[in-house]
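J.: Mind having a look at this structure? Questions to follow.
Every number here is computed from the coordinates shown, using simple stated rules; none is lab data. It should be emphasised that the depicted structure is a prediction, and the values quoted were computed from it without experimental measurement. In this analysis, Cβ positions are derived from the backbone assuming ideal geometry, glycine residues included, and neighbour counts consider all displayed protein chains.
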Amino acid sequence: MSVQDKVIQIIAEQAVLDPSDVTPDSTLESLGIDSMGLVESIFVIEETFDVEVPFNANTPGENDFDISTVASITKGIERLIAEQAGAS
């Protein structure tokens, strides 16, 4: 399963949707995910991919991890995985 497929699955679970209803262009807001759902999604993403997402729920716009769409979240996770692999 690709990173994007896993992200879609995680976000679909948080939004209580079928994964087929979540596209790379979907925004969390359009899927009905509120701030609590976002935080829960971040926790599941960190656990699933064994990464630490640089995200502060109190200041979501003040970091370089883009949470605007499913595709941007996927891209950020792929970058974190690559950085972690490079640091090993």
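J.: How far apart, in nm, are the 7 Å Cα→Cβ label points at D18 and S2?
T.: The answer from the label model is 2.1 nm.
J.: Further question: If you fit an axis through the alpha-carbon atoms of helix 70-87 and take the longest principal axis of the Cα set of the chain, what angle between them do you get, 0 to 90°, nearest 10?
T.: That works out to roughly 20 degrees.
J.: Okay, helix-only estimate at 222 nm for the chain: each DSSP H run of n ≥ 4 adds -39500 (n - 2.57), divide by all residues, round to 500 deg cm²/dmol; what do you get?
T.: Counting only the DSSP helices, I get -17000 deg cm²/dmol.
J.: Here's a follow-up. Rounded to the nearest 10 degrees, what's the angle between the helix 35-49 long axis and the longest principal axis of the chain, both from Cα atoms, 0 to 90?
T.: 50
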